[in-house]
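The values are calculated or read from the model by the stated rules, or taken from the named source; none is laboratory data. Note that the structure is a prediction, hence the values are computed from the model and not measured. So basically every Cβ, Gly included, is an ideal-geometry build from the backbone, and we count neighbours across all protein chains shown.
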């Protein structure tokens, strides 16, 4: 009797052990492969069922064909889902090829982005190319949603937005372009880098409202550079303040909620507007600057930024989605 019981136990062990092993292995694989963010499961020319009648479908489709945006394993795109900072970094990495202006020193990577994080390479590149920055605490906050204005500021400050012919501009668009021209640095840029705009940031406000950014010019300032109290920098600060005020006044012609644009972002939003990057649905006159950006809206912004840089064709004017692009010449 004891022998039969031992045999039963042995058989159960022989059968149960492999099943237990398979279960543990499956669980381990699931844990390793789990990723709550979109994956490239659709391939090119993705046809997402949940974007069929969605307003931003043409923007999404154009980027999906280039593998800049991707869907989820279930075949959906989820266009109304908000975009976190790690996902935004991943989209930027796929959409643009920018030279790196700075480098994350060894051992000083963001504290809340471990090396094994799925977005760690994209976050590093987004930082080094200047599209995104960390916070003073040393964190990146990868799970924090990106607001619409933050996305526009990132694109406007870090892309070489082309100048339009003055003859084709309306007075408002020309004024925005004039502000941009006045804010350009007069010193010659290094010949091996694309020209970058000098940005004077209100650091106190910026530290509270968005990631802290240090201008590259400040990082490389020579020892003999004038201090912040010199008349030269006082004039520069006064000029930038005047430009910001003028840009704010101009933006009121475009957006009914222009007064909700954070002060640090006014000049960048004006530049993004002039360059046709801003897309507002359902009302082109409502920016909703502090609202978290959705996957559909980010696709629209990215599409228009690529149009401005000449890397992708604009939507046909007779396409319904095109009417949500804010165009200076239309105001």
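Restricting to the range 246-273, and then to whatever is without any contact (Cβ under 8 Å) to a residue 24 or more places away in the chain and part of a helix (DSSP H, G or I), can you tell me which residue is surrounded by the fewest Cβ atoms within 10 Å (Cβ to Cβ)?
259
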What's the number of the condition residue 52 fails, among (1) under 21 Å from residue 146 (Cβ atoms); (2) at pLDDT 90 or above; (3) surrounded by fewer than 13 Cβ atoms within 10 Å (Cβ to Cβ)? (1)
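Per-residue answers, yes or no, for (1) within 26 Å of residue 60 (Cα to Cα); (2) touching a strand residue (DSSP E or B) at 6+ places or on another chain (Cβ under 8 Å); (3) modelled with pLDDT of 80 or more; (4) not in a loop (DSSP other than H, G, I, E, B):
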{"residue": "80", "(1), (2), (3), (4)": "yes, yes, yes, no"}
{"residue": "87", "(1), (2), (3), (4)": "yes, no, yes, yes"}
{"residue": "106", "(1), (2), (3), (4)": "no, no, no, no"}
{"residue": "113", "(1), (2), (3), (4)": "no, no, yes, no"}
For the condition in contact with a strand residue (DSSP E or B) (Cβ under 7 Å, 6 or more places away or on another chain) and closer than 13 Å to residue 59 by Cβ, what is the one hit in 291, 304, 313? 304
Out of (1) touching a residue at least 60 places away in the same chain (Cβ under 8 Å); (2) under 28 Å from residue 310 (Cα atoms), what's the single condition that is false for residue 135? (2)
Residue 276 being touching a strand residue (DSSP E or B) at 6+ places or on another chain (Cβ under 7 Å), part of a loop (DSSP other than H, G, I, E, B) and farther than 16 Å from residue 82 by Cα: yes
Can you work out which of the residues in the range 302-330 that are touching a helix residue (DSSP H, G or I) at 6+ places or on another chain (Cβ under 6 Å) and over 19 Å from residue 53 (Cα atoms) is surrounded by the fewest Cβ atoms within 10 Å (Cβ to Cβ)? 314
Identify, by number, the condition in (1) more than 23 Å from residue 90 (Cα to Cα); (2) not in a loop (DSSP other than H, G, I, E, B) that residue 305 doesn't meet. (1)
